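Asker: Sending over a structure as structure tokens; questions will come in a sec.
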Amino acid sequence: MAAARRELAEHGPPWSPEGRPDFATVPLPERDRDQVRDVLVEERVGTVVEIGLAYAGSALAIGEALLRTGSETRGMW
């Protein structure tokens with residue numbers, strides 16, 4: 001999960017709608033995704049409902065947090 005987040009942050013998504021470079025403006029910035037992850041880990045959450053906007057950046061941060069907390073929650077995509 002962390003590797004996928006790193007890849008997304010470093011190289012962006014493998015595609016964008018109609019070739020537009022909206023990755024820089026649409027998703028949460030990387031530092032904010034890190035904060036989301038850190039808060040969820042600190043709170044030891046076990047279940048999260050995430051409504052994504054684009055590119056799965058925050059979903060990957062949430063998934064990373066759930067893995068770190070040992071959550072038994074399984075995702076629904």
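Asker: Any idea which residue in region 34-77 is farthest from Ala3 (Cα to Cα), counting only those that are of a type in the set (Lys, Arg) and modelled with pLDDT of 90 or more? Step through it out loud before you land on a result.
Answerer: Step one: list which residues in region 34-77 are of a type in the set (Lys, Arg), which gives 37, 44, 68, 74.
Subsequent filtering for residues that are modelled with pLDDT of 90 or more retains 37, 44, 68.
Details: Arg37: 14, Arg44: 21, Arg68: 14 Å.
Selected residue: Arg44.
Conditions (1) free of Cβ contacts under 8 Å to residues at least 60 places away in the same chain; (2) of a type in the set (Lys, Arg); (3) outside any loop (DSSP other than H, G, I, E, B), marked per residue:
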| residue | (1), (2), (3) |
| --- | --- |
| Pro27 | yes, no, no |
| Arg31 | yes, yes, yes |
| Leu40 | yes, no, yes |
| Ser58 | yes, no, yes |
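The values are calculated or read from the model by the stated rules, or taken from the named source; none is laboratory data. Quantities reported herein were computed from a predicted structural model and do not represent experimental measurements. Reconstructed Cβ throughout: ideal geometry from the backbone, glycine too, with neighbour counts over all protein chains shown.
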